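S.K.: Quick one: the structure is below, and I'll ask about it shortly.
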Amino acid sequence: MSYPRPLTPEEKLADAKKLLGLPRIVVICGSTRFMAEMNEADLRETEAGRIVVKPGIDMKSPHGLWSDPVGAAALKVRLDELHRAKIRLADEVLVVGDYIGDSTRAEIAYSRSLGKPVRFTHPGVDPDV
């Protein structure tokens, strides 16, 4: 006798999103030097009827929360993990900007390892093309 295999957490999430009737979820990735472009992409994706998640903190801009180097390093680790969670939640990834640094390259690789479609505002920067 054969039993159905249990659903993976990813399959359960996909089923839940369908049952809830959620629109596609897009996560925006890229260097925080492109925060203005990310905000514009957020506007356009939202207007197109998609739910958008993106970086919420630009650590390149001065702020008391990351003025201490030790605290800033710990915050960066937490933010990186939070962004990977946003990638897992999303249906697709939009990479913003005409530059791909190490962090964004890692996010693209992580997204693709999960089978997430990846779009680029500047397709010429795709590290896998």
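The values are calculated or read from the model by the stated rules, or taken from the named source; none is laboratory data. All values derive from a computational prediction rather than experimental measurement. No Cβ is skipped: glycine too gets one built from the backbone with ideal geometry, and neighbour counts run over all protein chains shown. SASA here: full protein model, heavy atoms, side chains in, ligands and nucleic acids out. Shrake-Rupley method; radii C 1.70, N 1.55, O 1.52, S 1.80 Å.
S.K.: For the chain, what is the charge dipole size about the Cα centre, in debye to the nearest 20, if Lys and Arg each add +1 at the Cβ and Asp and Glu each add -1 at the Cβ?
M.R.: 400 debye
S.K.: What is the local net charge at Ala36, summed over the other residues whose Cβ is closer than 11 Å to its Cβ (Lys, Arg +1; Asp, Glu -1)?
M.R.: Result for the local shell: -3.
S.K.: Check each of the chymotrypsin sites (Phe, Trp or Tyr not before Pro) in segment 80-129 and keep only those in coil by DSSP with at most 16 other C-beta atoms within 10 angstrom; list them in order.
M.R.: Here the chymotrypsin sites (Phe, Trp or Tyr not before Pro) that fit, given the DSSP loop and packing criteria, are Tyr99.
S.K.: Consider a paramagnetic label point 7 Å from the Cα of Arg78 along Cα→Cβ; state which residues of segment 38-62 have an amide N under 15 Å from it.
M.R.: 56-59
S.K.: Given C-alpha coordinates of the chain, what is the ratio Rg to Rh with the Kirkwood estimate of Rh?
M.R.: 1.03
S.K.: Separation between the Asp68 and Glu47 pseudo-spin-labels, each 7 Å from Cα along Cα→Cβ, expressed in nm?
M.R.: 4.3 nm
S.K.: Below 19 Å, Cα to Cα, which lysines can Lys60 reach? Residues fewer than 8 away in the same chain don't count.
M.R.: Once the sequence-local lysines are set aside, what remains near Lys60 is Lys76.
S.K.: Just need the Rg to Rh number for segment 45-86, please, alpha carbons only, Kirkwood Rh.
M.R.: Computed over Cα atoms, the ratio is 1.12.
S.K.: Ranked highest first by average number of other Cβ atoms within 10 Å, how do 22-32, 83-93, 1-11 line up?
M.R.: Going by the mean number of other Cβ atoms within 10 Å, highest first, we get 22-32, 83-93, 1-11.
S.K.: Using a 1.4 angstrom probe, figure out how much accessible area the chain has per residue, in square angstrom, rounded to the nearest whole.
M.R.: Heavy-atom SASA per residue in the chain reads 63 Å².
S.K.: Follow-up question, since we're still on this one. How far apart, in nm, are the 7 Å Cα→Cβ label points at Thr8 and Arg24?
M.R.: 2.1 nm
S.K.: A further question on this structure: Tabulate in residue order the Karplus-calculated ³J(HN,Hα) for segment 75-90, using 6.51 cos²θ - 1.76 cosθ + 1.60 with θ = phi - 60°, rounded to whole Hz; enter x for Gly and Pro.
M.R.: Karplus values, whole Hz, x for Gly and Pro: 4, 4, 4, 5, 5, 4, 5, 4, 5, 5, 5, 4, 5, 5, 5, 6.
S.K.: Spin-label point model (7 Å from Cα, Cβ direction): what's the His122 to Arg88 distance in nm?
M.R.: 3.1 nm
S.K.: Can you compute the helix-only [θ] at 222 nm over the chain? Use -39500 (n - 2.57) per DSSP H run of at least 4 residues, normalise by all residues, nearest 500 deg cm²/dmol.
M.R.: Result for the chain, helices only: -14500 deg cm²/dmol.
S.K.: Ignoring ligands, DNA and RNA, please state the percent of accessible area on segment 20-129 from carbon and sulfur, probe 1.4 Å.
M.R.: Roughly 58 percent, rounded to a whole number.
S.K.: Name the residue from Leu7, Ser103, Val26 whose Cα lies farthest towards the positive end of the charge dipole of the chain, charges +1 on Cβ of Lys and Arg and -1 on Cβ of Asp and Glu.
M.R.: Comparing the listed Cα positions along the dipole, Leu7 ranks first.
S.K.: Amide H to amide H, which residues 5 or more places from Ile28 or on other chains are under 5 Å from it, using H placed in the peptide plane?
M.R.: Correct list: Val53, Lys54, Leu94.
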